[in-house]
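Participant: Sending over a structure as structure tokens; questions will come in a sec.
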Amino acid sequence: MAKQSQQDIKSAYLVDLYQHLEDEIIKLIVKRLNTIDLDSLQSDEVLNWYFQKLNELGSLDWDTVQKLVSQTSKLSKKQLASLIKEDGYQIASDENRRLANLMNRAEKPWSDLDQILNQLFDSTWLDIENYVNQTLLSTNFEDNGVAKAYTDILNKTLARVTTGLETPQNAFKRAVKELVQSGIKTGLKDKGGHDWSLERYVRMVVDSTNHHVNNDLRLSRMTEYDCYTAYMSTKAAAREACAPIQGKVVLMVPNNQAPPELRRLPSVYDYGWREASGCGGINCHHRWTPCLPDMDISKYPKPPSEKEAIKNAELVAKQRRLETSIRQAKKMLKSAELVGTEEEVGHFKQLIRNRQSTLRQYIQDNEKLLHRDYSREQIYS
């Protein structure tokens, strides 16, 4: 548990680094665009203002952007290396020793462990470099996430003013608020063609890395010791794919690849193993601990019924939505502090309090299942 806690701290720090980077970049952009001439800008002057600010893109404080990215890159690389190489080595070494004892075998040397960890680190860091760090530093403004954010504010402001929908001042404020909400874009697109925000991408990388370190490394060693089974942890809330088999001894290979005497056990491969919504898929936080097929599981917590676990998952999902709404309100407050009035700042502070109160009451109503996790309500400030 202590190791997991340390991993959680390191993971949160990684996300915080890039949230801070995004926050500072947005401040730079707004400072450059929100000059004194904007206050008195008339609708018929907005086109000239647009081209003037567009021409000033090259004069944005790119030295500061480069310095911020460089500092974040240096710190995050060190943290990622610690998460993968140090924690990963310790977890894998402990698991190798445990497997040998479990199967009553001599401990086998894991000669390529360093190579595996180095490859995992290199590939993970390369993705962050390509999709985040280099995107923010690209000299091609069409690919540069900072330049895209800058021009996006200009384009939205111009469009809303020229169509007669808003004043230049209100259109600008709305564009800034939308940027704060959506975040700086990376160079990665999902299957629907939507750009991933910096924060969303880094969170995904951190979750994926933790999954590799905590599960993949541990499970990859099982075949070396002819171990085919693992105990699947129990969660009060579980998705449909996990609910039927959690809290049980399960096969970690397809049923037809297991020894005949073990094929009576459920295989994770029959429950969407590693598919997005399946067992071990996206946002699945179950753990699999190698064990003997006849292990006594009575000492472990009894899992809820399949129906109850799925119902609980829906309750947890609602809590996550409430936590998201609090983070959104905090982002709206941040944008109001950048370009809003004192009245708007006060409004969003009250909105945060209201949403926190709603969450607090919801958790109290379901206190046997839910608990407050303040880290899920935080944004970097």
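Participant: Within the range 211-228, is even one residue part of a strand (DSSP E or B), within 23 Å of the chain's Cα centre (by Cα) and not acidic (D, E)?
Facilitator: Step one: filter the range 211-228 for residues part of a strand (DSSP E or B), giving none.
Among the residues of the range 211-228, not one is part of a strand (DSSP E or B), within 23 Å of the chain's Cα centre (by Cα) and not acidic (D, E), which makes the answer no.
Participant: So which of I25, I9 is among the aliphatic types (A, V, I, L, M), in a helix (DSSP H, G or I) and free of Cβ contacts under 8 Å to residues at least 24 places away in the same chain?
Facilitator: I9
Participant: Then there's this: Any residue at all in the range 134-153 that is of a type in the set (A, V, I, L, M, F, W, C) and more than 30 Å from L47 (Cα to Cα)?
Facilitator: no
Participant: Could I ask something else about it? Can you find, within the range 326-360, the residue that is farthest from the chain's Cα centre (by Cα) among those that are among the hydroxyl-bearing types (S, T, Y) and at pLDDT below 95? I'd like the intermediate steps shown before the answer.
Facilitator: Taking the range 326-360 and keeping what is among the hydroxyl-bearing types (S, T, Y), we get 335, 341, 357-358.
Next, only the ones that are at pLDDT below 95 stay: 335, 341.
Details: S335: 22, T341: 32 Å.
By that ranking, first place goes to T341.
Participant: Residues to consider are R321, R287; find the one that is farther than 30 Å from R221 by Cα and under 25 Å from the mean Cα position of the chain (by Cα).
Facilitator: Matching residue, one of R321, R287: R321.
Participant: Tell me yes or no: at least one residue of the range 331-338 is outside any helix (DSSP H, G or I) and in contact (Cβ under 8 Å) with a residue 24 or more places away in the chain. Even if it seems obvious, please write down each step before you answer.
Facilitator: So the first thing to find is which residues in the range 331-338 are outside any helix (DSSP H, G or I), and the list is none.
No, the range 331-338 has no match at all.
Participant: Check the range 61-68 and report whether any residue there is touching a Gly at 6+ places or on another chain (Cβ under 9 Å), assigned by TED's automatic domain parsing to the domain that holds N133 and either not aromatic (F, W, Y) or not in a helix (DSSP H, G or I) (or both).
Facilitator: For the range 61-68, residues touching a Gly at 6+ places or on another chain (Cβ under 9 Å), assigned by TED's automatic domain parsing to the domain that holds N133 and either not aromatic (F, W, Y) or not in a helix (DSSP H, G or I) (or both): absent.
Participant: Restricting the search to the range 28-44, which residues are assigned to a helix (DSSP H, G or I), of a type outside the set (A, V, I, L, M, F, W, C) and touching a residue at least 40 places away in the same chain (Cβ under 8 Å)?
Facilitator: R32, D39, S43
The values are calculated or read from the model by the stated rules, or taken from the named source; none is laboratory data. Given the structure is predicted, the values throughout are model-derived calculations rather than measurements. FYI the Cβ positions are ideal-geometry reconstructions off the backbone, even for glycines, and counts take in every protein chain you see.
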